[in-house]
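Just so it is clear, none of the values below were taken in a lab; they were calculated from the coordinates. It should be emphasised that the depicted structure is a prediction, and the values quoted were computed from it without experimental measurement. Cβ placement follows ideal geometry from the backbone for every residue including glycine, while neighbour counts extend to all protein chains displayed.
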Amino acid sequence: MIVPRTTREEILAKLRAKIEARAPIFIASAGSGLVAKLLERAGVDCINTFSGARLRANGMGTMSMMWPILDSNRQTLVYTEQDIMPAITGDAFVCACINANDPLRDMRSVLERLKGMGVMSVSNIGPSISYVDKDSNIYKVLVKSGITFENEVEMLALAKEMEMVTVALAFDMEDSLQVIREARPDIFCFHAGTTRGGLVGYDSGETIAETARRTEEVYEAVREIEPDTILVGHGAAMETPADAQYMLDNTSGHGFWTGSSTERLPIERAVSAAAEAFASLGFSE
């Protein structure tokens, strides 16, 4: 097996061509090789890998990656190399979401390893301190311990210097503007919150109209700083294709990023339906 390779220039050229053609950019998470293969066949532009996606494949929620129960970067590096890269043909590029706050790893070494396995894109979501409410005690303790958003910004800036496509992610306006100013990412995703629905989704009660409104506020602020950044939305009330269409129609972004919506939720529904059908069978009299 020889894993297909691509370059930063080739990736960005494909994305810019889609934007010029008014076709939405489609990023999706994969926690297994099978999901990655199916996503690529469906026409996804970017498959992202991170420990949260792998944990979702094992029946846990994305936020389980926030607890110190695993080496997040090791999980991402190993399954990206062994499960994801051999499963795809190269029509989609892979973005690895890594933990820039890992105290036991040099980020340059992590980025070089990713490039060595054929991954030419990176994001700061795996996990990001931007997940954590800034007025919480845990946020203050983490920052005091050296777990900072600045480390994530620096990692993204370094990745861009190393000719990788950078996909920045943030949960609020403050972090969004900081990462745009200091890292100048190629792609920016506003994460509106954990996706609702299914066995482990979290429903904050927010409507898709509210998710779109909050997302557009960030898009407008980001565009004032860096007008050429590719903008995508993710999470909260964006659960179904109809929700994603609403986001396309009611924001000025270029596309969307799905996680649970094209991974955990479809698997839950399809496996449950198939298993229930088999479980209902009985012997004929």
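Here are a few things to note about the model shown:
- Of S32, S123, the sequence from fewest to most neighbouring Cβ atoms within 10 angstrom is S32, S123.
- Listed residue pairs exceeding 31 Å between alpha carbons, taken from K18/K134; K18/K160; K18/K140: K18/K134; K18/K140
- Here the Debye sum runs over all C-alpha atoms of the range 178-285 as equal scatterers in vacuum, and log10 of I(q)/I(0) at q = 0.10, 0.13, 0.19, 0.20 Å⁻¹ comes out as -0.37, -0.55, -0.92, -0.99.
- Calculated over the chain, the projected area of the Cα convex hull averaged across directions stands at 17.0 nm².
- Ascending count of other beta-carbon atoms within 10 Å, so fewest first, for V143, V167: V143, V167
- Among I230, I125, I27, a tally of other beta-carbon atoms within 10 Å of each Cβ gives an order, fewest to most, of I230, I27, I125.
- Alpha-carbon centroids, the range 215-285 and the range 149-168: separation in whole Å: 26
- Mean Cβ count within 10 Å, highest first, over the residues of peptides 146-158, 102-114: 146-158, 102-114
- Distance from the Cα centroid of the range 77-143 to that of the range 1-32 is 18 Å (rounded to whole angstrom).
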